[in-house]
Structure formats: structure tokens, C-alpha cells
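The values are calculated or read from the model by the stated rules, or taken from the named source; none is laboratory data. Treat the numbers as computed from the prediction; the structure is a model and nothing was measured. Neighbour counts are summed over all protein chains in view; Cβ atoms, including those assigned to glycine, are modelled from backbone coordinates with ideal geometry.
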Amino acid sequence: MRIRPAKFAAVTLLATAGVLALTACSPIQPWVKPYEREHLADPIMSFSRDPVSASYIDHVYESREGSRGATGTVGGGCGCN
Amino acid sequence: MHRRRNYARLVALAGLLLGCAQAGVLPDDRFDYLYHHYSGGGMNIQGPSILVRKKIGDHVSLSGSYFADNITGHVDTVSGASVDAVSGASTYHEERKQESFGIDVLQGKTTYSAGYIAGNENDYRARTAYASVSEDMFGDLTTISFGFTRGWDKVGVVGRTTTSPLERRNWQLGLSQILTRNLLLGLNFETSESEGLLNNPYRMVRYVDNQASNGRGYSTQPEQYPHTRTGNAGSGQLKYYLPWHAALDGNYRYYSDTWGIVGHTFELGYTQPVFHSWTIDTHARYYRQNHADFYADLFPYAFAQNFMARDRELATFKSLTLGLGASWEFHWTRLSWLQKGTLNLHWDRMRFKYDDYRDLRYIGVTPGTEPLYKFDANIFQFFISGWF
């Protein structure tokens, strides 16, 4: 089943906005304290340890596939199709 | 009207984020020099990629990058397009260069980013501007970001002086969440809109023609694409710290657009530091998509539809990538300004298998019965990074 793009976008944005509206600015206590984040601060836990390599690989896939976006990187236009 | 309502929602969301400002950290000062080499399907692409990032004071970070693709391949003598499929033997050379400049400004827990990207090819010119804001909140457990990208491209044809415009707009939403002391969650959503000449002006579609002069039973005509395309992509990523000092990550992305393409991407990765200064990365990526509504490998006759495409990118296919990388960290005391550096080598092996795109190198068979096309590719990346 294919989800209509406009509906998908609207539902996702409204859901995100709703969650933020309920939780933003409220005094939520962090359940992982700063001194408990030693493992998370390790470079191997970075989502993008090598940005120049990640950007290049995104470009390789985007030039050969119909899907694009939601990778966390910004790319320029390309006449690669 | 509908687009205006969506835009109003996004502006309201950005305002909500800005209104609750609370932290952020600017990216590290670093430089990267990468050399990449792609070979597969009759194409060789190589070139450098350079990224430099430097903080100015405590609140501003500047970045600049340069990227080049030097392409050697074959012109498809059947379709006329410079594609991987080697159905012709005419070699061509092409170069693509891209420069970018970016700035990040940190204010409290909010980071504002903006930048400009310029890409140039002999028959394509791309100009892109982007802006984003990210916010750390809930005791820095959560980082949320919102971005907008706008592109103005000009599509040309070698030998002609006129160009056709192509405009791009992208909206991005991102969330990074600490779930436990060992588990991170990343969510990204992106809507993209393109408007203008979206097809490759060189590429042709083929249709059945028993009277064709080439004796193959088909003739060709230029592709005809819709002038607009809207796509939505959503992805989720988990990264888990393993007790023996290693990391495991999984990623899924869903994509769909108004051309009828639905794509699924699955990725699994494992990172293992070894011998104090080495890090080994392995990953696997599986991708599949169905074809666009107006795609066909062989149309029944000329002008069979309003819109017609024979682009592998719009076909039904699957691809599998297996990758291996090694990184060596070094400290060079002679260079006091260099905190650390890494030497990295990555190798990716890709396999593409098409379900409805046929290999036109096979002649003497009934059109539409040629073997399905498939190809393998190797990607090598060698890069050096330095933190200062």
C-alpha cells in the first residue's frame, strides 16, 4: 500500500508538533544523567563519524536510486540522472 | 493553497522550537581530504573531496568544502544517455565540481546553520542555499532540528546555448534522542519538491517498431517526464554501545513520491576498536524499489503515453552493498597544533539487479526478451582527517 505523500507529511508534522507542544518547556528530568553518558560520548557512537565520507556515499546512492532524503545530510543539485 | 497550509505548520513548528531555547556544541575543528574511486557498469568515477571546519571564537564555526567527480564512461548508443549500461562503445569524459561554504552560530542551546553550495558541470549548473536550526533540550537528552533547502538549477545540453530551469525545495526535520546510557535513537523526515526539466535531455525511451532501420525491432524517442515531483522520506536509526567497547547500529528508511516510486532501505553496521589505535567498520545495506508509474523498458508504440521514461533509476530493482573500513588514529608530536589524526580506507561492494530493465547489448533477439540488466560496482575511499 502506498501512503499519499501530502497526507504522510501532514500527519508526521502534526504529530511531531503535538508531542513538542505537550513536552517542550516542561521540567522533564533527564533520566540519563550527564555523568552516565561516558559510552555515548565515545566517537564510535557518533551517527556521522566521518562527514566527508557520509556525504560522498549519499551522493553515490542518490545518483543511482529513486529514493532520496532523510539521511541527515544536505546535498547540492546534480545532473547525475 | 494546500502547500501554503503545510508551510504555515512548519513555520509554527520552527517558532515553537526557537521559543524554548535552552544548548548546543559546535562541531570540532577538523580537516578531511578524501579520494574516492568508483568503478562498475562501464563507468569509472574518481576525484578528491576536501572539508575544512574552524571555529571563530566560542560561538561561530565556519566550514568550506570542495568535491570533484571525474567521470569516464560510455555513451549508450541506443538511448543516447551517459548511463552505466554499456550498450555502446563510445567513450566520454565529464567533470563535476562542487564548492560549498557554511556557517554555524551557537546561541545558548540553539545552533543556527546556513550555507551555500555551487555545482558545475559542462551541461548542468546547480546553486543551493540552506538554513537550519537545532536545539538541545530536556537536559541535553534530546536534539531536534529543522532545516530548509532551496535550489536553482539550469539544465543544458552540450552544443546548445539555451538551458531549462529546475527548482528544488526540501524541508527536513530531525530528532536525536538518548534512550538509555547505551542506546541512541535518530529520526529524520524530509519532504522534497522539484519543478522543471527533471529528465535527462539525452536519454531516449524505446518502443516496438518492426520497420526500424536499426534492424533490432524497436525505435527510440526522447523521454517525457512530468514537470513536478514531490517525495517524502522518513528514517529511523538506533545505535547501541556493546559491553566489549563496540557499537551496533541499524537503520531503516521509507520513501514514496508522486511518481509512484516506493523505496525501502535497510542498513546494519558494526564498529569495533582494536589494538588501541585501530577501528574496524563493517556494514551491509539492502535497498529495493518499484518502478515509476510512467516507466517501461519497452513501450508498445511511439507516444504511447503522455509521460514516458526508461531510466534505470526509475525501474524496479534491488541492490545490496557490503562494506568494510579500517581507521588508524595517530598523534604526531612534531605538529603541536594537531590534536590527532586518522588514516582511513573504506571498500564497498555493490550489486544491482533490475526486474524490468533489459540489457540492450544482446542483439538478434525479440525486443523485450533481452536478459535483465545487472551489474557490480566497487567503491574505494581513502581519506585522512585531522583535528586541531
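Count, please, the residues in the range B:301-352 that happen to be out of contact with any strand residue (DSSP E or B) (no Cβ under 6 Å at 6 or more places or on another chain), part of a loop (DSSP other than H, G, I, E, B) and under 24 Å from B:M204 (Cβ atoms). Number satisfying all stated conditions: 5. Of the residues making up the range B:15-24, not a single one is at pLDDT below 90, over 26 Å from B:A129 (Cα atoms) and within 23 Å of the chain's Cα centre (by Cα). The single condition among (1) modelled with pLDDT under 90; (2) more than 7 Å from chain B (Cβ to nearest Cβ); (3) farther than 22 Å from B:F382 by Cα that A:T73 does not meet is (3).
Of all residues in the range B:124-152, those being at the interface with chain A (Cβ under 10 Å from one of its Cβ atoms), polar (S, T, N, Q) and in contact with an Asp or Glu (Cβ under 6 Å, 6 or more places away or on another chain) number 0.
Of all the criteria given as (1) surrounded by fewer than 21 Cβ atoms within 10 Å (Cβ to Cβ); (2) in contact with a helix residue (DSSP H, G or I) (Cβ under 6 Å, 6 or more places away or on another chain); (3) hydrophobic (A, V, I, L, M, F, W, C), the one not satisfied by B:F146 is (1). On the stretch given as the range B:305-327, residues that are among the aliphatic types (A, V, I, L, M) and more than 23 Å from B:D257 (Cα to Cα) total 3. One residue is enough: does the range B:214-235 have a residue meeting the conditions of a type in the set (D, E, K, R), touching a Phe, Trp or Tyr at 6+ places or on another chain (Cβ under 9 Å), surrounded by 17 or more Cβ atoms within 10 Å (Cβ to Cβ) and assigned to a strand (DSSP E or B)? Within the range B:214-235 (the criterion being of a type in the set (D, E, K, R), touching a Phe, Trp or Tyr at 6+ places or on another chain (Cβ under 9 Å), surrounded by 17 or more Cβ atoms within 10 Å (Cβ to Cβ) and assigned to a strand (DSSP E or B)), the answer is yes, since at least one residue qualifies. Within the range B:52-71, the set of residues being more than 22 Å from the chain's Cα centre (by Cα), part of a strand (DSSP E or B) and surrounded by fewer than 19 Cβ atoms within 10 Å (Cβ to Cβ) comprises B:K54, B:K55, B:I56, B:V60, B:L62.
Selection within the range A:26-62: residues that are more than 8 Å from every other protein chain (Cβ to nearest Cβ) and hydroxyl-bearing (S, T, Y). The member of this set that is farthest from B:R125 (Cα to Cα) is A:Y35. The residue that is farthest from A:G79 (Cα to Cα), among those in the range B:300-328 that are of a type in the set (F, W, Y) and surrounded by fewer than 20 Cβ atoms within 10 Å (Cβ to Cβ), is B:W328.
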